[in-house]
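Visitor: I have a structure I would like to understand better, so I am pasting it below and will then ask my questions one at a time.
The values are calculated or read from the model by the stated rules, or taken from the named source; none is laboratory data. Keep in mind it's a predicted model, so treat the numbers as computed, not measured. Here the Cβ positions follow ideal geometry from the backbone for every residue, glycine too, while neighbour counts run over all protein chains shown.
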Amino acid sequence: MKTILVTGGSGFIGTNLCIRLLNEGNRVLCLDNNYTGRTENIAHLFSCKNFIFIEHDICNPFHWDEKIDQIYNLACPASPPAYQGMHAIETTKTCVLGALNMLELAKAHNAVILQASTSEVYGDPLESPQKESYSGNVNPIGVRSCYDEGKRCAESLFFDYHRLYGVNIKIVRIFNTYGPFMNPNDGRVVSNFICQALSGKALTVYGDGRQTRSFCYIDDLIDVLIKTINSPKSFTGPLNAGNPAEFSVKELAECIIDKIGGTICYKDLPQDDPRQRKPDISLAMSALDWQPKISLDEGLDKTIAYLKTQIHLFNNRN
Ligand code: UDP
């Protein structure tokens, strides 16, 4: 049985990952400060003997006496309304100090460590699809830079720990992901549109809706995270993880309206909103034999079913 630490374990991706790792027979240490994570997500795991929840902010060092085999460093607010504005400095600290503290832990335990990086390292990309070799087009002083530059700095730290101390690192650049355990109020486009449609509100398309995103269903993402952390030490990434099927935000709204009903209203485009995002996943296909299996149509149905159970929490503020 492996002991696996998941930071950000009560967030959207973290919850799904903890459930899968427990189902596969591991012992899971779940760390979260519950800033954007939700205890409700993981409450049903508390009775599980292999599940340990520790309320902890990874900006502070973390020590554990028993052996840790693997670390998934997922902790960070990930939705633009959650990481910008008031929380921008905490976001940078979580990315940078969090990465440092988790790398020190990995070094002490000789554990393999996976960093949840992001398609945001490509900024507003000037090439499409984005390959891992693309260095990106990030505005270093914009409202998104706390997240983008924070994650870029984390990647840099990971590679320095690998080069200097031989730490077994894996970097996965996660593109837009959706599915059960999304917070209905986190403001991201899939959860916002579904919750707006379910509660009879207009779907808020920002800008003209022609900006594109590539949406990956959570189960596909969990598959690639697990494959990556168990890959040979020589495989460090960075690795793009996403579904290359690209949709405009307006197409996404229309797809959700087809399923639930509703209307569109247009709002201002947020500053520095990337115009396009589409992963080149040839590395994941060749190195890990991975590609997403779940279409947007099927994934949206599963997500709608989940968000129906959460709709009483939706406040439509984002
Ligand atoms: N968006 C939108 N309406 C919303 C929320 C988001 O039109 O209610 C747009 C947003 O401007 C961006 C895209 O949807 O172009 C994806 O936004 P999200 O916050 O989900 O993720 P991002 O990829 O920007 O981090």
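Visitor: Inside the stretch 200-243, counting only strands (runs of 3 or more DSSP E) that do not spill past its ends, which hold 1 or more residues that are crowded, with 18+ Cβ neighbours inside 10 Å and within 10 Å of the ligand (Cβ to nearest atom)? Quick ask: steps written out before the conclusion?
Guide: Details: elements: 203-206, 212-214, 239-241.
In the stretch 200-243, 203-206, 212-214 are the strands (runs of 3 or more DSSP E) which contain 1 or more residues that are crowded, with 18+ Cβ neighbours inside 10 Å and within 10 Å of the ligand (Cβ to nearest atom).
Visitor: Quick test for you: out of Gly150, Gly136, pick the one residue that is within 22 Å of Leu74 (Cα to Cα) and crowded, with 22+ Cβ neighbours inside 10 Å.
Guide: Working: Gly136 fails: crowded, with 22+ Cβ neighbours inside 10 Å.
Answer to the check: Gly150.
Visitor: Further question: Within the stretch 23-42, is even one residue within 16 Å of the ligand (Cβ to nearest atom) and at pLDDT 95 or above?
Guide: Taking the stretch 23-42 as the starting set, the residues that turn out to be within 16 Å of the ligand (Cβ to nearest atom) are 36.
Going one step further and asking which of them are at pLDDT 95 or above, we end up with none.
Among the residues of the stretch 23-42, not one is within 16 Å of the ligand (Cβ to nearest atom) and at pLDDT 95 or above, which makes the answer no.
Visitor: List the residue pairs whose Cβ atoms are under 7 Å apart, where the first residue sits in the stretch 196-216 and is hydrophobic (A, V, I, L, M, F, W, C), the second is within 6 Å of the ligand (Cβ to nearest atom) and not in a helix (DSSP H, G or I), and the two are 6 or more positions apart or on different chains.
Guide: Listed pairs, sorted by first residue: Phe215/Asn176; Cys216/Asn176.
Visitor: To continue, here is another question. Considering only residues that are under 18 Å from the mean Cα position of the chain (by Cα) and of a type outside the set (D, E, K, R), which ones fall in the stretch 36-45? Working first, answer last.
Guide: Going residue by residue through the stretch 36-45, those that are under 18 Å from the mean Cα position of the chain (by Cα) are 36-39, 41-42.
Selection gives Thr36, Gly37, Thr39, Asn41, Ile42.
Visitor: Of all strands (runs of 3 or more DSSP E) completely enclosed by the stretch 46-155, which ones contain at least 3 residues that are within 17 Å of the chain's Cα centre (by Cα) and touching a residue at least 60 places away in the same chain (Cβ under 8 Å)? Quick ask: steps written out before the conclusion?
Guide: Details: elements: 51-55, 70-73, 112-118.
Result: 70-73, 112-118.
Visitor: Here is a further query. Find the residue count for the stretch 218-242, including only residues that are touching a strand residue (DSSP E or B) at 6+ places or on another chain (Cβ under 7 Å), within 21 Å of Asn183 (Cβ to Cβ) and not aliphatic (A, V, I, L, M).
Guide: 1
Visitor: Of all residues in the stretch 272-283 being more than 10 Å from the ligand (Cβ to nearest atom) and of a type outside the set (Ser, Thr, Tyr), which is nearest to Asp124 (Cα to Cα)?
Guide: Going through the qualifying residues, I end up with Lys278.
Visitor: Can you pull out the residues in the stretch 104-117 that are surrounded by fewer than 23 Cβ atoms within 10 Å (Cβ to Cβ) and within 15 Å of the ligand (Cβ to nearest atom)?
Guide: Within the stretch 104-117, none qualify.
Visitor: Would you point out which residue out of Leu283, Leu300 is hydrophobic (A, V, I, L, M, F, W, C), touching a residue at least 24 places away in the same chain (Cβ under 8 Å) and under 29 Å from Tyr134 (Cα atoms)?
Guide: Numbers: Leu300 fails: under 29 Å from Tyr134 (Cα atoms).
The conditions single out Leu283.
Visitor: Tell me which residues, restricted to the stretch 26-61, are hydrophobic (A, V, I, L, M, F, W, C) and surrounded by fewer than 19 Cβ atoms within 10 Å (Cβ to Cβ). Walk me through it before giving the result.
Guide: To start, the set of residues in the stretch 26-61 that are hydrophobic (A, V, I, L, M, F, W, C) comprises 28-31, 42-43, 45-46, 48, 51-54, 58-59.
Ala43, Phe46, Cys48, Ile52, Ile54, Cys59 - these are the residues of the stretch 26-61 that are hydrophobic (A, V, I, L, M, F, W, C) and surrounded by fewer than 19 Cβ atoms within 10 Å (Cβ to Cβ).
Visitor: Among the residues of the stretch 265-318, what is the count of those that are exposed (fewer than 11 other Cβ atoms within 10 Å of the Cβ) and in a loop (DSSP other than H, G, I, E, B)?
Guide: Counting residues in the stretch 265-318 that are exposed (fewer than 11 other Cβ atoms within 10 Å of the Cβ) and in a loop (DSSP other than H, G, I, E, B) gives 5.
Visitor: Go through the stretch 25-73 and give me each residue that's farther than 27 Å from Val96 by Cα and aliphatic (A, V, I, L, M).
Guide: Listed by number, the residues that qualify are Ala43, Leu45.
Visitor: In the stretch 166-199, how many residues are near the ligand (Cβ under 10 Å from one of its atoms) and among the small types (Gly, Ala, Ser)?
Guide: Selection size over the stretch 166-199: 2.
Visitor: Find the residue count for the stretch 28-45, including only residues that are part of a strand (DSSP E or B) and out of contact with any Asp or Glu (no Cβ under 9 Å at 6 or more places or on another chain).
Guide: Going through the stretch 28-45, the residues part of a strand (DSSP E or B) turn out to be 28-32.
Filter once more, so that each one left must be out of contact with any Asp or Glu (no Cβ under 9 Å at 6 or more places or on another chain): 28-30.
So the answer is 3.
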